[in-house]
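J.: The structure that follows is given in the form of C-alpha cells.
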Amino acid sequence: MKLLALDFDGVISDSAPEAFVVALRTFYALHPGARILRDAVPLLAEAALPPPGVVAASPLYAPFLDMMPLGNRAEDYAVVLTALESGRVCENQGAYDTYKAGLDSTELNSFRRCFYEIRTALADAEPKAWHRLMGAYPGILDLLRRRAGDAVLAIATAKDRGAVGRLLRAYGIGDLFPDGSVLDKDTGVKKRTHLEQLRTRFGFAPSEMTFVDDKVSHLEAVAPLGVRCALAGWGYNGERESARARELGHLVLTLDDVEARLYGTT
C-alpha cells in the first residue's frame, strides 16, 4: 500500500453529534413549526452548543443515526429529518433513494446552503464547544501518526474543506496530509471521483491504493477502479452494512485490528 485514502466522518471523526445539532438547527430555520422539533428544544438554543452527552440523550438522535448511513451529503440530513417528521423509516438504500427522489430538490439545495452557513457560524462563535462535538475515534490519531511514513495519507470526504482543515489541526495531525491530498465535497458527489483524482495526482496504480469508508455504497462505487476497499466498522453503520461489505469481498475493520489488516504489521 502506497496511498491510504480515508473518509473523514465515521472514520477519523465521530462527528455525528455535530451533524445532528447543525442539521436540527438548519431544519428549524427552514421549518420552525416541524413536529419533531418539539423533542429537540434543548439543542436549538442559540446561547450555547450542547455537550455530546446532551445530544446523545435526545429521543431523535438514535433514529437519526439509523438512517444517517444511507445518505452522503449535507442535504441528506434534510431527507432524514423530513422522513422522521412524516413518520417514515427507510430501512435500506433502495427505500431511501426512492424517498429522496420524491422530495423537492430546490428545498434540499436550500437546506445544504443553510447547513454550511450555520456550521461555519457555530464553529466561529464557539470553536471549543464545536470541537467537543466531534471527537476522534479512539486510537486513530496515534495510528496515523505512527504509520505516517508507510503510505501517503489522503482524505476523501463529502464534508467541507474548511471544517476538515480545522479539525485536522485540532486533532494535531494536519501536518500528516500533503498538499493536494484533502479532497472535499467540491471534488464531486461520488467517492470514485475523489479516488480517481488522487490516482492522477500522486501517480499510484489502483492496486497500490486503499480506501477506507464507513458506507458500503461508497466502497461499491470505488471498487471497480481496482482500489483495495475497507469498511470502517466503528463508523456509522451496523451489521447490515458489515454483512454487505463481506459479501462484496471488502475488508471489515475494527479499531482493534485496523493497523494489522491495513499495514500487515503492528
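J.: ALA170 passes all but one of (1) outside any helix (DSSP H, G or I); (2) at pLDDT below 95; (3) of a type in the set (A, V, I, L, M, F, W, C); which number fails?
T.: (1)
J.: For the stretch 31-51, which positions are surrounded by fewer than 19 Cβ atoms within 10 Å (Cβ to Cβ) and within 23 Å of the chain's Cα centre (by Cα)?
T.: LEU44, PRO51
J.: What are the pairs, 6+ residues apart or on separate chains, where a residue within the stretch 189-205 that is surrounded by fewer than 17 Cβ atoms within 10 Å (Cβ to Cβ) has its Cβ under 8 Å from a residue that is in a helix (DSSP H, G or I) and of a type outside the set (Lys, Arg)?
T.: LYS190/ALA221; THR193/THR187; GLN197/THR187
J.: Same structure again: List the number of the failed condition for GLY94; all other conditions in (1) within 19 Å of the chain's Cα centre (by Cα); (2) assigned to a helix (DSSP H, G or I); (3) not assigned by TED's automatic domain parsing to the domain that holds TYR171 hold.
T.: (1)
J.: If you check every pair at least six apart or on different chains, which have Cβ atoms under 8 Å apart with a residue in the stretch 166-178 that is in the same structural domain as ALA156 (by TED's automatic domain parsing) and under 15 Å from ALA5 (Cβ atoms) first and a residue that is of a type outside the set (Ser, Thr, Tyr) and assigned to a loop (DSSP other than H, G, I, E, B) second?
T.: LEU168/PHE177; LEU176/ALA148
J.: Give me the residue from the stretch 122-139 that is in contact (Cβ under 8 Å) with a residue 12 or more places away in the chain and part of a helix (DSSP H, G or I) and, out of that set, surrounded by the most Cβ atoms within 10 Å (Cβ to Cβ).
T.: Among those that are in contact (Cβ under 8 Å) with a residue 12 or more places away in the chain and part of a helix (DSSP H, G or I), it is TRP130.
J.: Is one or more of the residues making up the stretch 99-117 modelled with pLDDT under 95, surrounded by 12 or more Cβ atoms within 10 Å (Cβ to Cβ) and either touching a Pro at 6+ places or on another chain (Cβ under 6 Å) or not in a loop (DSSP other than H, G, I, E, B) (or both)?
T.: yes
J.: Output yes when any residue across the stretch 82-90 is of a type outside the set (Gly, Ala, Ser), closer than 24 Å to GLU239 by Cβ and outside any loop (DSSP other than H, G, I, E, B), and no when none is.
T.: The answer is yes; a qualifying residue exists.
J.: For the stretch 11-26, name all the residues that are among the β-branched types (Val, Ile, Thr) and either within 17 Å of SER110 (Cα to Cα) or part of a helix (DSSP H, G or I) (or both).
T.: Hits for the stretch 11-26 are VAL21, VAL22, THR26.
J.: Quick check: is even one residue across the stretch 189-199 assigned to a loop (DSSP other than H, G, I, E, B) and of a type outside the set (Ser, Thr, Tyr)?
T.: yes
J.: Just wondering, is there one or more residues in the stretch 17-25 that are surrounded by 15 or more Cβ atoms within 10 Å (Cβ to Cβ), more than 17 Å from the chain's Cα centre (by Cα), more than 19 Å from LEU167 (Cα to Cα) and in contact (Cβ under 8 Å) with a residue 12 or more places away in the chain?
T.: Checking the stretch 17-25: at least one residue is surrounded by 15 or more Cβ atoms within 10 Å (Cβ to Cβ), more than 17 Å from the chain's Cα centre (by Cα), more than 19 Å from LEU167 (Cα to Cα) and in contact (Cβ under 8 Å) with a residue 12 or more places away in the chain.
J.: Filter the stretch 206-234 for residues that are within 16 Å of the chain's Cα centre (by Cα) and free of Cβ contacts under 8 Å to residues at least 24 places away in the same chain; which is farthest from THR157 (Cα to Cα)?
T.: GLY233
J.: Related question: Can ASP142 be described as in contact with a strand residue (DSSP E or B) (Cβ under 9 Å, 6 or more places away or on another chain), closer than 21 Å to THR254 by Cβ and exposed (fewer than 15 other Cβ atoms within 10 Å of the Cβ)?
T.: It is false that ASP142 is in contact with a strand residue (DSSP E or B) (Cβ under 9 Å, 6 or more places away or on another chain), closer than 21 Å to THR254 by Cβ and exposed (fewer than 15 other Cβ atoms within 10 Å of the Cβ).
J.: Restricting attention to the stretch 221-266, report how many residues are closer than 24 Å to PHE64 by Cβ and charged (D, E, K, R).
T.: 4
The values are calculated or read from the model by the stated rules, or taken from the named source; none is laboratory data. Keep in mind it's a predicted model, so treat the numbers as computed, not measured. As a convention, Cβ positions derive from the backbone with ideal geometry for all residues, glycine included, and neighbour counts pool all protein chains shown.
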